[in-house]
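*Asks:* Dropping a structure here in structure tokens format, bear with me for questions.
The values are calculated or read from the model by the stated rules, or taken from the named source; none is laboratory data. Note that the structure is predicted; figures quoted are calculated from it, not measured. Counting neighbours? That spans all protein chains shown, and the Cβs are built from the backbone with ideal geometry, glycine included. SASA here: full protein model, heavy atoms, side chains in, ligands and nucleic acids out. Shrake-Rupley method; radii C 1.70, N 1.55, O 1.52, S 1.80 Å.
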Amino acid sequence: QVQLVESGGELVQPGGSLRLSCAASGIIFRLYQMGWYRQAPGKQRELVAAITSGGNTNYADSVKGRFTISRDNAKTTMYLQMNSLKPEDKAVYYCNAKLRSWHEGSWGQGTQVTVSS
């Protein structure tokens with residue numbers, strides 16, 4: 001059974017930094033494409049960043065240059081380093097794991113990120 005557990009979300013001031021983690025179990029982690037999505041109140045869930053099994057990455061335009069996605073296959077964990085946070089980054093951040101890009105994949109329970117002074 002796939003289990004994805006996010007952590008690291010909290011309240012941070014604008015301009016601050018956070019690192020989110022997604023610990024995965026029940027999958028052969030190194031084979032999976034992993035992604036971070038977020039959903040703000042009243043908005044649809046959107047892709048923030050993704051990393052393939054081979055380590056290729058892509059980012060939403062709104063976070064390019066500020067966020068960095070990475071993975072540690074030995075620890076079966078994915079990370080999202082978020083710098084220069086803005087109030088508009090406030091959302092629930094979800095971890096996703098999929099074996100093929102066209103799959104829906106599995107989701108974590110989410111972690112809340114709030115950016116406010």
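*Asks:* Looking only at region 67-112, filter to residues that are in a loop (DSSP other than H, G, I, E, B) and small (Gly, Ala, Ser); which one of those is modelled with the lowest pLDDT?
*Replies:* Ser101
*Asks:* Which numbered condition trips up Gln109, out of (1) touching a residue at least 24 places away in the same chain (Cβ under 8 Å); (2) under 11 Å from the mean Cα position of the chain (by Cα)?
*Replies:* Gln109 satisfies all of (1) touching a residue at least 24 places away in the same chain (Cβ under 8 Å); (2) under 11 Å from the mean Cα position of the chain (by Cα) except (2).
*Asks:* Sort out which residues of region 19-30 are closer than 29 Å to Ser117 by Cβ and crowded, with 21+ Cβ neighbours inside 10 Å, and write them in order of number.
*Replies:* Answer for region 19-30, where residues must be closer than 29 Å to Ser117 by Cβ and crowded, with 21+ Cβ neighbours inside 10 Å: Leu20, Cys22.
*Asks:* For region 87-97, state whether one or more residues are of a type in the set (Asp, Glu) and more than 17 Å from Gly9 (Cα to Cα).
*Replies:* no
*Asks:* Here is a follow-up. Counting only residues that are within 17 Å of Arg30 (Cα to Cα) and open to solvent by 70 Å² or more (accessible area, probe 1.4 Å), how many does region 69-90 have?
*Replies:* Looking only at that region, the number is 2.
*Asks:* Scan region 42-55 and tell me whether some residue there is over 13 Å from Asp89 (Cβ atoms), open to solvent by 70 Å² or more (accessible area, probe 1.4 Å) and among the basic types (Lys, Arg).
*Replies:* The answer is yes, given that some residue of region 42-55 is over 13 Å from Asp89 (Cβ atoms), open to solvent by 70 Å² or more (accessible area, probe 1.4 Å) and among the basic types (Lys, Arg).
*Asks:* Follow-up. Working carefully through the options Ser62, Ser53, find the one that is without any contact (Cβ under 8 Å) to a residue 24 or more places away in the chain and touching a helix residue (DSSP H, G or I) at 6+ places or on another chain (Cβ under 8 Å).
*Replies:* Matching residue, one of Ser62, Ser53: Ser53.
*Asks:* Any residue at all in region 8-18 that's surrounded by fewer than 16 Cβ atoms within 10 Å (Cβ to Cβ), part of a strand (DSSP E or B) and acidic (Asp, Glu)?
*Replies:* So far as region 8-18 goes, no, none of its residues is surrounded by fewer than 16 Cβ atoms within 10 Å (Cβ to Cβ), part of a strand (DSSP E or B) and acidic (Asp, Glu).
*Asks:* I would also like to ask the following. Considering every residue within region 58-68, establish whether at least one is under 18 Å from Gln109 (Cα atoms), open to solvent by 70 Å² or more (accessible area, probe 1.4 Å) and charged (D, E, K, R).
*Replies:* No, the conditions are met nowhere in region 58-68.
*Asks:* Here are some residues: Gly42, Gly9, Gly35. Which one is more than 14 Å from Ile69 (Cβ to Cβ) and either among the hydrophobic types (A, V, I, L, M, F, W, C) or within 11 Å of the chain's Cα centre (by Cα) (or both)?
*Replies:* Testing whether each residue is more than 14 Å from Ile69 (Cβ to Cβ) and either among the hydrophobic types (A, V, I, L, M, F, W, C) or within 11 Å of the chain's Cα centre (by Cα) (or both) leaves just Gly9.
*Asks:* Still on this structure: Can you tell me which residue within region 31-41, out of those that are at pLDDT 95 or above and assigned to a loop (DSSP other than H, G, I, E, B), is surrounded by the fewest Cβ atoms within 10 Å (Cβ to Cβ)?
*Replies:* Looking at the filtered set, the residue picked out is Ala40.
*Asks:* Checking Gln44 against (1) in contact with a strand residue (DSSP E or B) (Cβ under 7 Å, 6 or more places away or on another chain); (2) at pLDDT 95 or above, only one condition comes out false. Which one?
*Replies:* The number of the failed condition is (1).
*Asks:* Also: When the residues of region 102-114 are filtered to those that are of a type in the set (S, T, N, Q) and touching a strand residue (DSSP E or B) at 6+ places or on another chain (Cβ under 6 Å), which remaining residue is most open to solvent (accessible area, probe 1.4 Å)?
*Replies:* Top of the filtered list is Gln112.
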